[in-house]
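What follows is a single structure, written as structure tokens, with notes after it.
Just so it is clear, none of the values below were taken in a lab; they were calculated from the coordinates. Just so you know, these numbers come straight off a predicted model, no measurement behind them. When we count neighbours, we look across all protein chains shown, and the Cβ atoms used for this are built from the backbone with ideal geometry, even at glycine.
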Amino acid sequence: METQSREDVKSMMEMLVDHAKSIREGYKYSGDEKMMPMAFIYGEKITMMMLNWTNEKEKYQMAAAANLEARKAHAKSLSFVSDVRWVKSDRFCEYFKFDKAIAKNFDAYHREYKRILAAHEGQVKNLPREVWEEAICVFTNGPGIPVTVQMAPYREGPNDTDRVATRSL
């Protein structure tokens, strides 16, 4: 098993983030559902898979298919590029008036989060806008490459455009 250098992984991640940013910036901010997630398999050649799903089950099936293809290709890495939304816990707790005991207890918080999310069709995008944020997300993994994640948060800019900044996690 070959270990990839930090510089190689950093360079690959920068290229993927730049590619994802240019794709996302090609849509209006309101076109947030238009960016299609992609998988990049780095083997003897680079294989790109477009991942189009309609529900969580299909999403995980597509990720498993990409993983299988990467294994068959003896790939050096498998990378996923997508846009993501996540709940800002402090804002979520404040908005839904969580008791401090719930906010500090992971199991209780998780239970309430799932209940509230279910009441919003299971989609973060259906929650009140002030409790979530969005970003371009790239993550990669492979033999000799630990899970590596980079995110480029974006916000609405003038005239329905995106303003994207880069941040690593």
Where in segment 1-93 are there trypsin sites (Lys or Arg not before Pro) that are in a DSSP coil and have at most 14 other Cβ atoms within 10 angstrom of their Cβ?
Lys28, Lys34, Lys45, Lys88
Loop GluC sites (Glu not before Pro), segment 69-169 (other Cβ atoms within 10 Å of the site Cβ: 10 or fewer; DSSP)
Glu121
From phi via Karplus (6.51, -1.76, 1.60), per-residue ³J(HN,Hα) for segment 42-59 in Hz, x at Gly/Pro:
9, x, 4, 10, 9, 10, 10, 10, 7, 10, 10, 10, 10, 7, 4, 4, 4, 4
Would you list Thr148, Thr161 from fewest to most Cβ contacts within 10 Å?
Thr161, Thr148
Please give the contour-minus-distance gain from Arg115 to His74: 0.36 nm per residue of separation, less the Cα-Cα distance, rounded to one decimal in nm.
10.6 nm
Helix axis angle, 106-118 relative to the chain longest principal axis, alpha carbon, degrees
90 degrees
Just how far, in whole angstrom, is segment 1-69 from segment 75-137 if you go by their alpha carbon centroids?
22 Å
